[in-house]
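Peer 1: Before we start, here is the structure in question, set down as structure tokens.
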Amino acid sequence: MTLSYDELRALDARHVWHPFTQAGTAPPPILALGARGSTIYAADGREYLDLVSSWWCNLHGHAHPAIAQAVADQAMRLEQVIFADFTHEPAARLAQRVTALLPGDLDRVFYSDDGSTAVEVALKLAHQYWRNRGKDRTVYVAFEGGYHGDTAGAMSAGRSSGYFDQWTEMLFPFRTVPFPATWDDDDAVEAKEEAALAALDALLAAEGARVSAVIIEPLIQGAAGMRMCRPQFLKALEERIRAAGTLLILDEVMTGFSRTGDFFACRKAGVTPDLICLSKGLTGGFMPLSMTVARESIFREFLGQDLTRAFLHGHTFTANPLGCAAALASLDLLQAAECQARVKATEALHRARLDRLKSLGNVSRTRLCGTVAALDVGGGGEGYGAGIGQRLKAEFLARGLLLRPLGNVLYLLAPYCTTEAELHRAWDAVEEVLAAL
Ligand SMILES: *Cc1c(COP(=O)(O)O)cnc(C)c1O
């Protein structure tokens, strides 16, 4: 029995609970029928250019035939197998492919399902690493505004973001250090970096021997509003962490897979973390999959004859073969010269269009890192709930553009396959809408 679009919408309205949505006031969700490239096709005949890569995960466009084929082939061979006692070709090959792109001895992959669990795994690994070594290190450090996911440990790391005020009693403590957010023509950046490093130095001087790990979103704090920092800040951070003998966790769930222009932000900054969390772009946006990659020296601390030394953690779908097959196909596309050229061209196009916007009175803090372009819109309040964001989103949807401002921060984070004509169309609309505000 086929249902009409209205019947489908009624079923959704009756039974589905949507994320990050106040169902009491939100307009009904758009019924997506299909998507190709950067375009989503809706039931009402409208088309939307997906300029947020469907929550920052799509790299090569929707329903990419090469990835779809890889998933289909894998599904006919082995769709899922328990990952304790078993392994499979896509998991082993993918671990090799990704670690080959990572610096240092980041050689050991622990698979899970999404960005939040990749962060939970990193935090739990750090915790047990010190226990296994007989060290009392239980203090955790994050950066102000940082976002690391919606599960309890990840929320704890992101508690300063303000997203989790409903759950503070569920969270464990985290020390926070200022994040030296910067933008084009920012002449206070050095002072902000010095202040952040001074705060970190003070914290490490007081509690350094008890710090288990420091977690940061390298180069770009995503959900905080595409707040960007300079690579040299990450270098300075790394030096201090090495001196304190503690662990550095990079949450590259959003920045990974060429978002910042290099395959990973850590490569762009020349930093080698102890643990790195990868998810969103991992499968090109096809399947939920994530990995926490650890240095081999960390893995070794879990070896022994005793089961309690092992990392007794896992998820039902750990290393799901369909996800791994999608990720291998996505990596083939990502590493092709054609895709890397698109990444570079996108960055250059964003640069030119951002520069043009600087003359608008209500535009400030234009900023760019790789394929992520952002700016602040003035005059409508700040923060995630700022009414201006909702207004802008509606304006752009009406023009067939899927843009989801974070409060008063407008950003473009498009799939790499988005054509120059499509990007120009988006920027033309941004110029028009902002000029008319
Ligand atoms: C999205 C995100 C997460 C959480 O990932 P989910 O897949 O939504 O659980 C964690 N860290 C960063 C930096 C993210 O952008």
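The values are calculated or read from the model by the stated rules, or taken from the named source; none is laboratory data. On a predicted model such as this, the values are computed, not experimentally measured, just so you know. Quick reminder, even Gly has a Cβ in these numbers, built from the backbone with ideal geometry, and neighbours come from all protein chains shown. Remember, those area values only see protein heavy atoms, side chains included, never the ligands or the DNA or RNA. Shrake-Rupley method; radii C 1.70, N 1.55, O 1.52, S 1.80 Å.
Peer 1: Per 10 Å bin, what percent of the C-alpha pairs of segment 289-435 does each bin hold, from zero upward?
Peer 2: For segment 289-435, the binned pair fractions read 9, 28, 23, 20, 13, 6, 1 percent.
Peer 1: Turning to a different aspect of this structure: Please work out the Kirkwood hydrodynamic radius for segment 68-334, using every pair of different C-alpha atoms, and report it in angstroms with one decimal place.
Peer 2: Kirkwood radius, segment 68-334: 18.9 Å.
Peer 1: Further question on the same structure: Using the alpha-carbon centroid of each, what span in Å lies between segment 263-289 and segment 56-100?
Peer 2: Between the Cα centres of segment 263-289 and segment 56-100 lies a distance of 16 Å.
Peer 1: Let me ask something else. Name the trypsin sites (Lys or Arg not before Pro) in segment 349-437 that are in a loop by DSSP and that have at most 15 other C-beta atoms within 10 Å, would you?
Peer 2: When the trypsin sites (Lys or Arg not before Pro) of segment 349-437 are filtered for loop state and at most 15 Cβ neighbours within 10 Å, Lys358 remain.
Peer 1: Which value, in Å² and to the nearest 10, is the accessible area of Leu125 when all protein chains are kept and the probe is 1.4 Å?
Peer 2: Probe radius 1.4 Å; accessible area of Leu125 about 10 Å².
Peer 1: Within segment 1-92, list the trypsin sites (Lys or Arg not before Pro) lying in a DSSP loop whose Cβ has at most 16 other Cβ atoms in a 10 Å radius.
Peer 2: Arg46
Peer 1: Here is a follow-up. Just to compare against my own numbers: the Cα pair-distance distribution for segment 345-418, 5 Å bins, whole % per bin, please.
Peer 2: Bins of 5 Å from zero give 3, 17, 24, 25, 22, 7, 1 percent of pairs.
Peer 1: Using helices alone, what [θ] at 222 nm do you get for the chain, with -39,500 (n - 2.57) per DSSP H run of 4 or more residues, divided over all residues and rounded to the nearest 500?
Peer 2: Value at 222 nm, helices only, nearest 500: -12500 deg cm²/dmol.
Peer 1: Pairs of lysines 8 or more apart, or on different chains, with alpha carbons under 25 Å: count those in the chain, would you?
Peer 2: 15
Peer 1: List, in order, the whole-Hz ³J(HN,Hα) value for each residue of segment 304-314 obtained from phi through the Karplus relation with A = 6.51, B = -1.76, C = 1.60 and θ = phi - 60°; use x for Gly and Pro.
Peer 2: x, 8, 9, 4, 5, 6, 6, 8, 8, 8, x
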